[in-house]
Structures are given as C-alpha cells and as structure tokens.
Amino acid sequence: MLAANPKMRCVVCYARISFDGRAKDAHGIEDQHRELGEKANGFEWLVVYRYTDNDKSASKEEVVRDDFEQMLTDLTAGRTPEGYPIHGVMAINDDRLYRRPGDWERYLRAFTAHPDRVYYDSNGHQDLYAEGFEVKGLVGVAMSLAETRKKQRRSRTSHRNRAIRGQSVSAWRPFGWDDDKVSLRPAEADAIRKAVKDVLAGASLSEVTAQWKEAGFTTSRGNAFQYATVKQVLLNARLCGYREIVGELVRDEDGQPVVGEWEAIVTPKEWFAVVATIRERGRGKGQSPGGVVHKYLLTGVLRCGAVREDGTACNNKMTGVKANDWVSYSHGYLCKKTVDGGCNKTYKRGDETDKHVSTLVRAKLKRDAAAAAKDVPEWTRDEELESAVARRRALEQRWQTGQIDDETFFRNLSPMDQLVKELRADQAKHLAMVAAAEAATADIDTEWEAKTLTQKREMIQNALLAVIAEPGGKGRKPFDVTQLRPVWRSASA
Ligand SMILES: [Zn+2]
C-alpha cells in the first residue's frame, strides 16, 4: 500500500506536557500534535498514532509515563496498537522524550529495533542509527545544550498556537484596544468604526489619515499615523474578531474562522467589505484625481444657462466667489468674466444652491442604493461549499479507517482543498458586495453631513454631469430652485 510513494512513512507522534518549572502550557498537547501533524503533511508522512502524556514530568523517577512506555513497546514490536507499521517518530523537542538518561537509551533501543526509521524533532531530521546518539543519552540531560534555545523555539511556535486558539499574539497594544489587548479603547474604536464606514462610502485612506492626525490619535507605539499604518489597521482581521496569520485567516477544523478572545470593533461583513474596497482601489485608478483643492461645493459643476444675444447658450462653468459682506450667506456662484469667455451675469447665492443640489444628489443616492441592495443576488453556492467540506471530511474519515490507501487520499485531498478555498473566496467576495450595498442604504443623510467637501464634490460629480443655472432675471428675487436644472449621468455611465 505504501509502494505508490517511496517517501511515504507511517509515523507516530509523541507529545508531553511537563510542569517542571515552566509556566504551564495549557493546550500544549493539542498544539504539539497539531504542529507535528502539519510537519508530517509537509513531509508526506502519515501520522498513524499519537502518544500523549499529560501533566507529567519525565524527570521525576517515580512518574510512569504510560504512553511513553506504550510507545517503546510498540516501537519494539514494530506496530501500533491498531497494527499500523511504525516507520518513524516525531516529537516537538527531543527533551519531550527524555528527561533521564535511562529514558533516552530505552527509546533508542526500541527505535533502532527496526531498520530505516525516520526521526524528526525541532532540530530537524535526525539519523538515530548514527553513532553518538547513545552518548547524547548518557550526558544528554547535562549538556542539554539546547535547553535555552529550545525555550526560545517554544515561545516562537507558541505564537502560532496562540493565534490558532484566538489569543492575542501582538507584543504591542493594537490600536483600538486597551493594554489588555481584549477590551476596547472607546475613542479609538469609534475612530476605526467611522473610518470603515467612510471608506465604504468613498472616503480615501488619506482622508482617514488626516482625520486621525487631526483628532490627535497616534499609533500604539506613539508615532503619527501615516497612510500605510492606517491601511494596516483597517486591513487587520482583528477588527472583526477574526484571527489571522500573515494575512491569512486562521480557520478551525470545520473551516470556520477562528474568533479571537478580544472584543470586535466591526462585523465580519463590514470588515470583508472594507478590505475588498481598499484592495479594489489599489488595483484601480489609485489616488484621487487632480491636486486642485476646491473651496466651494459646486465650482465646475454649475454651468451658466444664460442665452446670449446671438441665441447661443453661454454654458460656461461658474466659479465660487466670496459673497458681499452685507448678505446673509458667505458665497455665491458667478459665470466667468467675459475675457474668459463667460457672460459674467448669472449669479446664484451659494447656500441655497449647495443645499438644493445636495438634496437632489442625496435623493438619487438613496434610490440607487435601494436598487443596488435589491440587485445583489443571493449567494447560491452554500450547498456546494458545504458539500465540498463534507466530502473532504468523508475522505479523511475513509482514510483514517483504512478504507482508502494513502496515495488515493493525498491525490484527492489537494483538489478538494483547492475547491474549498475557491468557494470561500467567492463567498467572501459576495459578502463584501452585500455589505457595500447595505452600507450604501444606511443613513445617507447623516453620513452626508460627516463627509469632507472633497468627498461631497466627488459624489456630486459621480451623479451629475452638470447643473445648469438659469439666470434669475433683473432685480432681487427670491431663490428659485426651478432655475437649477440637473443633468444626470446616465445610469450606465
Ligand atoms: Zn454665462
């Protein structure tokens, strides 16, 4: 059955938790076995048995390690209790195996009772048949050269294990959370929540950065926020309570994201959406267009609707101007000077014009958002995903119970993993779409007020090609909204 892959080996794993002086490593057994299992997969070794001694110190003479003894018996016999051949042994550290010289010698004797076995621990693959390993047994504990190094290694690997369990691994307090890394710092958490909403609604990361700086926030290391650090904060799955390692969500055995022990700031849906938005923009046009900072909402949007004496429309862009001191509003819009090609006649008071055009655009945004929310189709691949996960599990079970051989198992595992991964990516993309649609229907009026002038201008220009401002005629007349004619962008534009 193993002939198909010459590299294939049936190995046993040994894990032990000791309480001899170290801070106790609860969960340690589970972690040791998981790490070994991952390594074994990488080597295309099959873990056929797991020996576990818990809460025992191998260095105490009086302690009998049941599974250790069992393993020695099995190694000598060459088979696991279920009858699998034993081609090798894996342990996190060799000191998990021995604490007393006697243990190591007995282990070595049992191990070498059969030829060609493999042994792996954190020092790597080792040839236990080579001379010198007996010596290690004799003076091993004393020279345990590695003791300090091993402790460091343990702390490194425990980093990943903590992550898988959903515990915080960051050395620094993450922005948004308190020193305990679990509870929130309300002001920072609010800022993050607002930033997520703003970005979903079209704000740029630069704008968020500026807002955070202005509000006096610094990174948890006390540095001023920059574009990159803000982006880092928003892209971290921690925001929605999910744990990630180097940019990949950590998932449990059932494939669900591991939820951390800390409080979440946004929902997973919102987080998926903001990540999708930021990534999408990164691929797209990049920075917001132009460096011109406009002082008035409708400069360049309003066009003069006056008809000249020769019958042609003026149609020049109107510019924002400061209003005269004696009027109650601060600015107005005026057609260009005649030297610039305008008629310089049409004038609209700024406050009312801004208000009216904003109202029109908001109304359109609401209609569009409602339509968009309706347009997001259901994600129809739930069953496909469930079935893929179930099939993968069934495959594992059939392999574990010996119904299929190893070669068949690994040949089928890889495409199944790939399919599950693809379906999950598709699901995440869909979630992002739904969230974006929902975010868009959320209180548009309130959000509008919170936007910067740049954001509002962008949204207006996305909705409108122009607003034609017809002249009000001679004399002072009340503001008349019917003289403002919006020219909408077509739906397809
Ligand atoms: Zn004009």
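Considering (1) within 16 Å of the ligand (Cβ to nearest atom); (2) open to solvent by less than 40 Å² (accessible area, probe 1.4 Å), the lone condition that Gly473 does not fulfil carries the number (2). Scanning the stretch 230-241 for residues that are open to solvent by 40 Å² or more (accessible area, probe 1.4 Å) and under 22 Å from Asp180 (Cα atoms) gives Gln232, Asn236. Between Val259, Val196, the distinction of being under 15 Å from Phe272 (Cα atoms) and buried (at least 19 other Cβ atoms within 10 Å of the Cβ) belongs to Val196 only.
Among the residues in the stretch 379-392, are any under 30 Å from Tyr84 (Cβ atoms), at pLDDT 80 or above and surrounded by fewer than 16 Cβ atoms within 10 Å (Cβ to Cβ)?
Initial filter on the stretch 379-392 (under 30 Å from Tyr84 (Cβ atoms)): 388-392.
Right, trim to at pLDDT 80 or above and you get 388-392.
Subsequent filtering for residues that are surrounded by fewer than 16 Cβ atoms within 10 Å (Cβ to Cβ) retains 390-391.
For the stretch 379-392, residues under 30 Å from Tyr84 (Cβ atoms), at pLDDT 80 or above and surrounded by fewer than 16 Cβ atoms within 10 Å (Cβ to Cβ): present.
Taken over the stretch 207-228, the criterion of being of a type in the set (S, T, N, Q) and either open to solvent by less than 40 Å² (accessible area, probe 1.4 Å) or within 21 Å of Ser183 (Cβ to Cβ) (or both) is satisfied by Thr209, Thr218, Thr219, Ser220.
Take the residues in the stretch 342-358 that are touching a residue at least 24 places away in the same chain (Cβ under 8 Å) and open to solvent by 30 Å² or more (accessible area, probe 1.4 Å), then tell me which one is nearest to the ligand (Cβ to nearest atom). By that ranking, first place goes to Lys345. Regarding the stretch 254-268, can at least one residue be identified that is in a helix (DSSP H, G or I), under 30 Å from Pro186 (Cα atoms), more than 16 Å from the ligand (Cβ to nearest atom) and modelled with pLDDT of 85 or more? Yes - at least one qualifying residue is present in the stretch 254-268. Restricting attention to the stretch 298-324, report how many residues are open to solvent by less than 70 Å² (accessible area, probe 1.4 Å), within 14 Å of the ligand (Cβ to nearest atom) and part of a strand (DSSP E or B). Adding up the residues that qualify gives 7. Looking at the stretch 327-371 only, could you name the residues that are polar (S, T, N, Q) and part of a loop (DSSP other than H, G, I, E, B)? Listed by number, the residues that qualify are Ser328, Ser330, Asn344, Thr346.
The values are calculated or read from the model by the stated rules, or taken from the named source; none is laboratory data. Just so it is clear, the structure is predicted and the values come from calculations on it, not from any experiment. Note that we place each Cβ from the backbone using ideal geometry, even for glycine, and neighbour counts take in every protein chain shown. All accessible areas refer to the heavy atoms of the entire protein, side chains included, with ligands and DNA or RNA removed. Shrake-Rupley method; radii C 1.70, N 1.55, O 1.52, S 1.80 Å.
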